[in-house]
Ligand SMILES: [Zn+2]
């Protein structure tokens, strides 16, 4: 992974590079960021940079022997500790058992989450952990001299999953680190980390991606059409993972479907609504959720349109035309209800309620508020 492969975050990259160039490398660092942020990719780019044989001012060279191995995650001085769980073949697993899967995982898409990882390794338990044996194994590995690189680098992904014994073993080595050894902890949740570990690491905060960055990612990496990329970027809450899921699940027709749905609600066309709910219920869960998310976004934008006018609304083309029309039936009195109903529907779907009932119930509630208030 190279810094230039990560979209945006120029400040964070510059800080990381400056620390290396000015020889102020902290031996233990905690890359903290939400799911779908660049916490892991930045740690990987940092590890690549520090061992690059021909460092450039803003990035690793990408072509030296170290960079080539780093890009494939096969550098002998790059080590990983990951949360894992046994599967039908391996009952007492170690990270080393799953290195092939981990490389594939990273090469496929480095912005995935723990649940994707557990699926990748066919984990039988949904309660993964980093074991004490694993942690002790690290001590052994890191006490050896580096093979090729200047630094041995250990990336611990999601150290939140270390149990106390494992954390204590790691702590020991953090207190007396072997020379030229870097510990890069990649975490999401500060509250789940042991204070003693935290106090020995330097914090690198990785912010959520901005809308424009997500839009760039969707357009360049996933070839998402512009209008869809704009729509998804607004809904992705700073997460490339969520953006990808939305981009793959979101229907180009959401605008038309939502518009027709609202028209039937407004007109109280009950038979039409029943028929629609049959269709909605057959959609995938992601599509159902995306439709609701789209609706929530439209509610928000319609209000903005009423109060601030066109220049503030972040939509274009047909979506904008729809918002202008929709703004006529929603107002400050009913928009709160509408948003609540859509959010409630989302929550019910998350809890596996029957989609047909959820959508029907939501339709009836919506038709009450937009009819009365309009
Ligand atoms: Zn290089």
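Just so you know, all these numbers are worked out from the coordinates, no wet-lab data involved. Everything numeric in this text was worked out from a predicted model, so none of it was measured. Heads up, the Cβs are rebuilt from the backbone with ideal geometry, glycines too, and the neighbour counts pull from every protein chain shown.
From least to most packed, judged by other beta carbons within 10 angstrom and beginning with the fewest, 348, 75, 24, 116 follow the order 24, 116, 348, 75. Here the translational diffusion coefficient of the stretch 29-99 follows from Stokes-Einstein with Rh set to the Kirkwood radius across Cα pairs; for 37 °C and 0.692 mPa s it amounts to 235 µm²/s.
Helix 39-51 versus the longest principal axis of the chain: what is the Cα-based angle in degrees, 0 to 90, to the nearest 10? That helix lies at roughly 30 degrees to the long axis. Would you work out if the stretch 3-207 is rounded, prolate or oblate? Take a ≥ b ≥ c from the square roots of the eigenvalues of the alpha-carbon gyration tensor; rounded if a/c is under 1.5, else prolate when a/b is larger than b/c, oblate otherwise. Rounded shape, in that the Cα axes give a/c under 1.5. The slack in the chain from residue 219 to residue 61, taken as 0.36 nm per residue of separation less the alpha-carbon distance, amounts to 54.3 nm. Overall shape: prolate for the stretch 254-373, with the ratio a/c of the largest to smallest alpha carbon gyration tensor axis at 1.5 or above and a/b above b/c. The relative contact order of the stretch 227-292 comes to 34 percent, based on Cα pairs under 8 Å that sit 6 or more residues apart. Distance between the modelled labels on residue 148 and residue 248, one decimal in nanometres: 3.2 nm (7 Å Cα→Cβ projection). Once the C-beta distance of residue 119 and residue 24 is scaled by a Förster radius of 45 Å, the resulting FRET efficiency is 0.70 to the nearest 0.05. Counting beta carbons within 10 Å around each of 299, 61 and listing the fewest first gives the order 61, 299. Here each label is just a point 7 Å from Cα along the line to Cβ, and for residue 368 and residue 74 those points are 6.3 nm apart.
Take every pair of alpha-carbon atoms less than 8 Å apart whose residues are at least six positions apart; their mean separation over the length of the stretch 53-152 yields a relative contact order of 32 percent.
Start at zero, step by 5 Å, and the Cα-Cα distances of the stretch 327-374 spread as 5, 24, 28, 20, 13, 8, 2 percent across the bins.
Computed from the C-beta positions of residue 87 and residue 343, the FRET efficiency with R₀ = 45 Å rounds to 0.75. In the chain, the longest principal axis of the Cα atoms and the axis of helix 99-108 are about 40 degrees apart. For the pair residue 15 and residue 100 in one chain, pulling the backbone fully straight at 0.36 nm per residue adds 27.4 nm over the alpha carbon distance.
Compared with the alpha-carbon gap, the fully stretched path from residue 196 to residue 331 is longer by 43.4 nm at 0.36 nm per residue. The relative contact order of the chain, computed from alpha carbon pairs under 8 Å that lie at least 6 residues apart in sequence, is 17 percent. Going by neighbour counts of Cβ atoms within 10 Å, the residues 344, 191 line up, fewest first, as 191, 344. With one equal scatterer per alpha carbon and no solvent term, the Debye-computed log10 I(q)/I(0) for the chain at 0.07, 0.10 1/Å reads -0.41, -0.74. Once the Cα atoms of helix 332-350 and of the chain are each reduced to a long axis, what angle between those two axes, in degrees from 0 to 90 to the nearest 10, is obtained? Computed tilt is about 50 degrees. Placing pseudo-labels 7 Å out from each Cα toward the beta carbon at residue 307 and residue 4 gives an inter-label distance of 4.4 nm.
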